Amino acid sequence: MKLLLVASPGVAALVLAIIALGRDAEPSAQADIPAPAVGTTRGELPSFRELYERVDGVVARVDARRGPDDPPFGNGRRDAIGAGFVVDARGHMVTNAHVVDDARSVTVRFGRTARRVTAEIVGVDRATDLAVLRVDPGRLGADAPLELAPAGSVRVGDPVLAVGTPYRLQSSAAAGIVSAVGREIRGLTGFSIPDAVQTDTAINPGNSGGPLVDERGRVVGVNSQGRAAGVSFAVSAVTMRRVVPQLIEDGRADQAVLGVSVGSVTDRGARIASVTAGGPADRAGLQDGDVITRIGDRPTTVEGAVASAVAARRPGQRVPVQVLRDGRERTVTVRLGRR
């Protein structure tokens, strides 16, 4: 799948970038996608108004509906409203799983138009709260699909723009900054999601599934949930790179699992609060109270590091896990399971 971003005429410094979004053969299961050769200074970057004008044409209101005999969505209704955005020229769109999960029909409306376009549900991954839709490419406008922000490019303090349908107010924008990266959150579908982006951008009901873009118009994450005032979360582009190609190809995504619950995290590592009986960690001999200091070559001294390290690998892959037990360090090899 190709993700394309074509700069607007008013942003002369931005160049065409083509990203190959797919599964690689390396252990991290993350596509090795280089940063586009932008080469701009901050003074040449577009304004929020210019960003909105560029992004709005490929962001859509998503209307999902369940049948009369189906259980309602989380809002207690049989219809749900969110947002989604185009990621390739074949008409694939990304949204949140909780917006379209088990829907009987989905339609989208681009920009501020009232014209409804029928969308097909290609795949849903409740574990990461991501879903892929597809619309007839002939129904798309001339606006280019959105590109993902390069791995490692998102920094605390970066300005970001969210576009979506808060409170059914179609094609609305909200601006803010990245408040934190690498958060582990519990998604609205009940699963723990690593590598989330925290922002102070206003994310309200109806924003779910819309893009959070950086100042170059690249997708930083998929807006997923708002909590207290000034605290919202987006499923990161890191997770999108791993999951979206699988959903397009197979309609589902495989997620690796270690089989532990993490308790406190200190500068020594992450303490195991519990081990899932019969799970990968249990079979490898990990125990409650062990302190995981490293998974592969990744240290685990910050919150969310264990989940992030596991998510970056594939089910069935063998990974060395370093632990402290009774003051002694040891390394065990765990064959990761499938969530």
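The values are calculated or read from the model by the stated rules, or taken from the named source; none is laboratory data. Just so it is clear, the model here is predicted, and its values are computed rather than measured. FYI the Cβ positions are ideal-geometry reconstructions off the backbone, even for glycines, and counts take in every protein chain you see. Just the protein is used for accessible areas: all its heavy atoms, side chains included, with ligands, DNA and RNA removed. Shrake-Rupley method; radii C 1.70, N 1.55, O 1.52, S 1.80 Å.
Summary of values
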| read-out | value |
| --- | --- |
| Pairs where the first residue, in segment 316-328, is of a type in the set (Lys, Arg) and the second is open to solvent by less than 60 Å² (accessible area, probe 1.4 Å) and at pLDDT 95 or above, C-beta under 6 Å, 6+ apart | 325/290 |
| When residues of segment 227-239 are limited to those that are surrounded by fewer than 24 Cβ atoms within 10 Å (Cβ to Cβ) and not small (Gly, Ala, Ser), the one nearest to residue 279 (Cα to Cα) | 227 |
| Criterion: basic (Lys, Arg), open to solvent by 10 Å² or more (accessible area, probe 1.4 Å) and within 14 Å of the chain's Cα centre (by Cα) - qualifying residue of 126, 104, 77, 168 | 126 |
| Residue match in segment 24-45 (condition: farther than 24 Å from residue 249 by Cβ, at pLDDT 90 or above and charged (D, E, K, R)) | no |
| Scan of segment 80-101 for residues that are under 20 Å from residue 144 (Cβ atoms) and either more than 16 Å from the chain's Cα centre (by Cα) or not β-branched (Val, Ile, Thr) (or both), ordered by number | 83, 84, 85, 88, 89, 90, 91, 92, 93 |
